[in-house]
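The structure under discussion appears below in the form of structure tokens.
The values are calculated or read from the model by the stated rules, or taken from the named source; none is laboratory data. The model shown is predicted, which means the values in this text are computed figures rather than measured ones. Here the Cβ is made from the backbone with ideal geometry for all residues, glycine too, and neighbour counts use every protein chain on show. When the accessible area is computed, the model is the full protein with side chains, heavy atoms only, and any ligands, DNA or RNA have been set aside. Shrake-Rupley method; radii C 1.70, N 1.55, O 1.52, S 1.80 Å.
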Amino acid sequence: MATMRNAYLDALGIDRWVPRSAPADSPAEIAAAATPAPAVVPELRSPVAPRSPAPPAEPLAPAGDWPTLRERVAACVACDLCKTRTQTVFGVGNTQAQWLVIGEAPGAEEDRQGEPFVGRAGQLLNAMLMAIGLPRETVFIANILKCRPPGNRDPRPEEVSRCLPFLTQQVALLKPKIILVVGRIAAQTLLATDAPLARLRGKLHTFGDAETPLVVTYHPAYLLRTPADKRKAWEDLKFARGAFARVTGGGNA
Ligand code: SF4
């Protein structure tokens, strides 16, 4: 198991420290990964500058259950992205999951396969999750937009406004213990701020009426382009793992 996790840490580009007195696959090796570890301030709830003006999410009658919500998303024509999609990308994973991972929007491969975070970015996300002990099938993964913006452009405010209620309902059904948001666009959208990602990382935010704890990190596609920031992502993941442990009284997934 430790050997497997080492492979995921390697995928993150994290140097592993092996204590001389401990066997290579010991828990101490995992706990000491990514040295030196910059200090991360726990439980730092930091208000971020609000974005203005943000279009309000439009009301949507609660679906009440996963199959109904999935059907509604599949049939949705509420914005023009329905005209260019191959299919909607509802989200994937364990509907009992305690972790919800949220990205921005489907890309080309996601549009083809109907599943979020596939391809190289998806593989790196899987490695990021495994590095903190979370197999992909134990979490739920979704995007803010359920349809691919042409050319992978940024989501438009009206598209977010129309689609966000679906994500809000996914959160209501899942009731996650923690939300991990990957990427600047998703973070700024969910936190309704224009603050740069650097100011949103390393802080415990909340989302929605339930004030679900929310942690921000880099999008894996960005990390593929900028591997030097993988170490910061690893700090974010450890921060999220610590926040989850505090929320749940020490549990993992
Ligand atoms: S992006 Fe969302 S709101 Fe727009 S058509 Fe797709 S499912 Fe509907």
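Computed quantities for the displayed model
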read-out	value
Subset tally (residues that are in a helix (DSSP H, G or I) and either in contact with a Gly (Cβ under 8 Å, 6 or more places away or on another chain) or buried (at least 18 other Cβ atoms within 10 Å of the Cβ) (or both)) for the stretch 217-226	4
Failed item in (1) in contact (Cβ under 8 Å) with a residue 24 or more places away in the chain; (2) within 16 Å of the ligand (Cβ to nearest atom), with Arg70 passing the rest	(1)
Residues (of a type outside the set (Gly, Ala, Ser) and near the ligand (Cβ under 7 Å from one of its atoms)) located in the stretch 73-82	Val73, Cys76, Val77, Cys79, Leu81, Cys82
Selection from the stretch 140-182 of residues that are within 16 Å of the ligand (Cβ to nearest atom) and of a type in the set (D, E, K, R)	Lys146, Arg148, Arg153, Asp154, Arg156, Glu158, Glu159, Arg162
Residue within the stretch 108-116 that is open to solvent by less than 10 Å² (accessible area, probe 1.4 Å), modelled with pLDDT of 95 or more, under 24 Å from Glu235 (Cα atoms) and within 16 Å of the ligand (Cβ to nearest atom) present	yes
Single residue of Glu137, Glu104 found to be touching a Leu at 6+ places or on another chain (Cβ under 8 Å), touching a residue at least 24 places away in the same chain (Cβ under 8 Å) and acidic (Asp, Glu)	Glu104
Test: Ile132 is open to solvent by less than 10 Å² (accessible area, probe 1.4 Å), without any contact (Cβ under 8 Å) to a residue 60 or more places away in the chain and aliphatic (A, V, I, L, M)	no
Any chance Leu214 is away from the ligand (no atom under 16 Å from the Cβ), surrounded by 17 or more Cβ atoms within 10 Å (Cβ to Cβ) and part of a helix (DSSP H, G or I)	no
Arg85 vs. criteria among the basic types (Lys, Arg), more than 9 Å from the ligand (Cβ to nearest atom) and touching a residue at least 12 places away in the same chain (Cβ under 8 Å)	no
In the stretch 157-169, the residues that are more than 20 Å from the chain's Cα centre (by Cα) and within 20 Å of Thr86 (Cβ to Cβ)	Arg162
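For (1) under 14 Å from the mean Cα position of the chain (by Cα); (2) touching a residue at least 12 places away in the same chain (Cβ under 8 Å), each residue gets a yes or a no:
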| site | (1), (2) |
| --- | --- |
| Ala198 | no, no |
| Leu214 | yes, yes |
| Tyr218 | yes, yes |
| Tyr222 | yes, yes |
| Lys232 | no, yes |
| Glu235 | no, yes |
| Ala240 | yes, yes |
| Ala243 | no, yes |
| Val247 | no, yes |
